[in-house]
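J.: This is the structure I have questions about; it appears just below.
The values are calculated or read from the model by the stated rules, or taken from the named source; none is laboratory data. Here the structure is a predicted model, which means the values were calculated and not measured. Methodologically, a virtual Cβ is constructed for each residue, glycine included, from the backbone with ideal geometry; neighbour enumeration extends over all protein chains shown. Ligands, DNA and RNA are stripped out before the accessible areas are found, and what is left, the full protein with its side chains, is counted by its heavy atoms. Shrake-Rupley method; radii C 1.70, N 1.55, O 1.52, S 1.80 Å.
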Amino acid sequence: WRPSLLHKVVSVPPSSDKQFNPTGRPPTVLPALRSTLHARYSTRDWHHANMVQLKDSEDSRYCAGRLNTDSMRLMQDKDQLTYQMQEDSRRNLGERISNIHFWRSELIYELECLLKETQALETAKKRLECAADELQGPLKVALECLYHREKRQGIDLVHDDVEKNLIKEADVFKDCQEILTKLAHKISQQLSINRDAQHALEQDLSDKNSAHFIDEKCFNLRNTSDSINFYHGVEKADGTVSVPETWAKFSEDNIRCSQHARANSVKLREDTEVGLECTSEEMWNHFISTNLAFNNRIAEVADAKNKLQAQLAKILQEIFQTEDTIMLLERSIKAKEYPLKVAQTCLARRTKRPNIELCRDAPQFQLITEVYTIDDTLQTLKRRLQEAHDTLQVLLLNKSKLEHEISVKANSFFIDKKCMDMRSVFPSAPRLMGYI
C-alpha cells in the first residue's frame, strides 16, 4: 500500500533535462520527490492505530465472551422452559385423558340403562299389539250381534238395553283398541327417540374412544420416539370446534337427553300397564252387562215405534231448517262480496294517487278496516256454512238410521239365542293384558 499522492507524483513522466551524475549510479528519487514525504503517516498515527486495533480487539473479545455467557444462560433457560412446557402439556393431556375417561364411563353407563329401557319398552309395545289383536274377536262378535239383531222384524225390533249395550260395547272395544293403538304408536315414537339418543350416545362414545386413543398416544410420546416429525404451520391452523365448557356440555346434553328419553319410556310403560288393566276391566264389565241385558230383555215395543217416528219427524224438520239456514248463509255470503269488491277497488285506485297525495289518510284507514272487517265476516259466514253442511250430513245420517230402525221391526228369540251362543267365549284377563 502506498499513499495516493506519492503514487501520483511517481507516475509523472521524467523530465527530458539530463542531470550530471559523477558517480555513475542511478540517481535517487528522494531529492527530487521530497514533497511526497509529507504524505506518509506519522509515528503518532501508527501508535494510535495500534491502540485502536487493540481496543477494538478487546471490545470484540469482551462482547464475544458476554455473548457466550448469555447464550449459555439463554440455552439453559430455554431448555428449562421447554422441559416445563412439555411437562405442562403432558399434565394437561393426563387431565384431559382423565376427563375423557370419566365422560366415557358416564356414557357407557347411560347407554346400558337406555338399552335396557328400550328393550323393556319394546316388550310393552308387543303386549299392546297382542292385546289390540285380542280385541278383534270380541269386537267382531259384538258387531255381528248388532248385524243379526238388525234382521228382526215387526214389533220385536226395538232399541232396547241389549242393543244399547252392544253398541256401547262395540264403542268401548273400539275405544280400548284405539287407546292401545295410540299407546303403541307413542311407544313407537318413543323408541325412535330412544334410538336417536342411543345413536348420539354411541357416536359420542365412539368419538371419546378415538380421542382417548389419540390423546393417550400423544401422552406417551417422548423426544426419543420414532413417530415424531415436523409439521410446519400446524400451530396456525385452528380446526377446533369446541372449548372445554362446550365439550363437556355436549356429553352432558347427550346424557340428559337419554335420561329424559328413559324417563318418558318409564312413564309410557306405566301408562301401558294402567291402560291394559283399565281396558281389560272395562271390557269385562261391559261384556257381563251386555250378557245380563240379553238375559233380561224386555219386549216393550208399543210406543217405541211412535218414538222413533216422532224422532224421525224432528230430524226431518231439523234437516229442513238446516237446509233453509244453508240457503240463507249462501245468500249472505254472496251479498257480502260486492261491498268487498267496492272497498278493494277504492283501495286499488287510491294507490295511483301521485306523489305527496299518496297519503295514509282517514279514508285509507277506513277502507282498510272495511276490507278486513268484510273479509273476517265472510270467513265467519263460510265457517258457519261449513258447520251447517256438517250438521246436515249428521242429520241425514241420523235420518237414515231412524228410517232403517223403523223399517225393520222383527224381534226374534232365535236371533238373541244365536247371539248368546256367539258370546259364550271371551278372552281371559291375562290375554286382554297382552300376555300370550
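J.: Looking at ARG96, ARG73, ARG91, which one is surrounded by fewer than 11 Cβ atoms within 10 Å (Cβ to Cβ) and in a helix (DSSP H, G or I)? Please lay out each step first, then the result.
T.: Numbers: ARG96 fails: surrounded by fewer than 11 Cβ atoms within 10 Å (Cβ to Cβ); ARG91 fails: surrounded by fewer than 11 Cβ atoms within 10 Å (Cβ to Cβ).
Only one candidate passes the filter, namely ARG73.
J.: Same structure, new question: Take the conditions basic (Lys, Arg), touching a residue at least 12 places away in the same chain (Cβ under 8 Å) and assigned to a helix (DSSP H, G or I) and apply them to LYS208. Does it pass? Please lay out each step first, then the result.
T.: Details: basic (Lys, Arg): yes; touching a residue at least 12 places away in the same chain (Cβ under 8 Å): yes; assigned to a helix (DSSP H, G or I): yes.
Taking the combined requirement at face value, the residue satisfies it.
J.: Ok, one more. Does VAL394 satisfy the condition of being part of a helix (DSSP H, G or I) and under 30 Å from GLU318 (Cβ atoms)?
T.: Values: part of a helix (DSSP H, G or I): yes; under 30 Å from GLU318 (Cβ atoms): yes.
In short, yes.
J.: If only one of SER227, SER242 is open to solvent by 80 Å² or more (accessible area, probe 1.4 Å), among the polar types (S, T, N, Q) and not in a helix (DSSP H, G or I), which one is it? Explain how you work it out, then say what you get.
T.: Working: SER242 fails: open to solvent by 80 Å² or more (accessible area, probe 1.4 Å).
Residue meeting the stated conditions: SER227.
J.: Does at least one position in the stretch 380-402 carry a residue that is touching a residue at least 60 places away in the same chain (Cβ under 8 Å), in contact with an Asp or Glu (Cβ under 7 Å, 6 or more places away or on another chain) and within 27 Å of LYS168 (Cα to Cα)?
T.: Within the stretch 380-402, the first condition is being touching a residue at least 60 places away in the same chain (Cβ under 8 Å), and the residues that meet it are 388-389, 391-392, 395-396, 398-399, 402.
Still in the running and in contact with an Asp or Glu (Cβ under 7 Å, 6 or more places away or on another chain): 392, 395.
Add one more test, that the residue is within 27 Å of LYS168 (Cα to Cα), and what stays is 392, 395.
The answer is yes, given that some residue of the stretch 380-402 is touching a residue at least 60 places away in the same chain (Cβ under 8 Å), in contact with an Asp or Glu (Cβ under 7 Å, 6 or more places away or on another chain) and within 27 Å of LYS168 (Cα to Cα).
J.: From the residues in the stretch 137-168 that are farther than 15 Å from ASN295 by Cβ and not in a helix (DSSP H, G or I), which one is modelled with the highest pLDDT?
T.: Taking the candidates together, the pick is GLU150.
Table: residues versus (1) open to solvent by 30 Å² or more (accessible area, probe 1.4 Å); (2) in contact with a His (Cβ under 9 Å, 6 or more places away or on another chain); (3) modelled with pLDDT of 65 or more.
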site	(1), (2), (3)
LEU392	no, no, yes
LEU395	no, no, yes
SER400	yes, no, yes
ALA410	no, no, no
VAL425	yes, no, yes
ARG431	yes, no, no
TYR435	yes, no, no
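J.: Right, next: Going by the structure shown, is ILE108 of a type in the set (Val, Ile, Thr), at pLDDT 90 or above, open to solvent by 30 Å² or more (accessible area, probe 1.4 Å) and in a helix (DSSP H, G or I)?
T.: On the way: of a type in the set (Val, Ile, Thr): yes; at pLDDT 90 or above: yes; open to solvent by 30 Å² or more (accessible area, probe 1.4 Å): yes; in a helix (DSSP H, G or I): yes.
Considered against the rule, which asks whether it is of a type in the set (Val, Ile, Thr), at pLDDT 90 or above, open to solvent by 30 Å² or more (accessible area, probe 1.4 Å) and in a helix (DSSP H, G or I), ILE108 comes out as yes.
J.: When residues of the stretch 128-164 are filtered for being surrounded by fewer than 20 Cβ atoms within 10 Å (Cβ to Cβ) and under 29 Å from ALA200 (Cα atoms), how many remain?
T.: 1
J.: Report, by residue number, each residue of the stretch 169-215 that is over 18 Å from GLU122 (Cβ atoms), of a type in the set (Val, Ile, Thr) and open to solvent by less than 70 Å² (accessible area, probe 1.4 Å).
T.: VAL172
J.: Identify all residues within the stretch 331-368 that are over 21 Å from LEU381 (Cα atoms), surrounded by 12 or more Cβ atoms within 10 Å (Cβ to Cβ) and at pLDDT 80 or above; write none if there are none.
T.: CYS346
J.: Also, I was wondering about something else. When you check SER251 against the structure, is it farther than 30 Å from LYS182 by Cα, open to solvent by 60 Å² or more (accessible area, probe 1.4 Å) and of a type in the set (Gly, Ala, Ser), yes or no? Lay out the reasoning, then the answer.
T.: On the way: farther than 30 Å from LYS182 by Cα: yes; open to solvent by 60 Å² or more (accessible area, probe 1.4 Å): no; of a type in the set (Gly, Ala, Ser): yes.
Considered against the rule, which asks whether it is farther than 30 Å from LYS182 by Cα, open to solvent by 60 Å² or more (accessible area, probe 1.4 Å) and of a type in the set (Gly, Ala, Ser), SER251 comes out as no.
J.: What about LEU308, is it open to solvent by 70 Å² or more (accessible area, probe 1.4 Å) and over 30 Å from LEU114 (Cβ atoms)?
T.: On the way: open to solvent by 70 Å² or more (accessible area, probe 1.4 Å): no; over 30 Å from LEU114 (Cβ atoms): yes.
In short, no.
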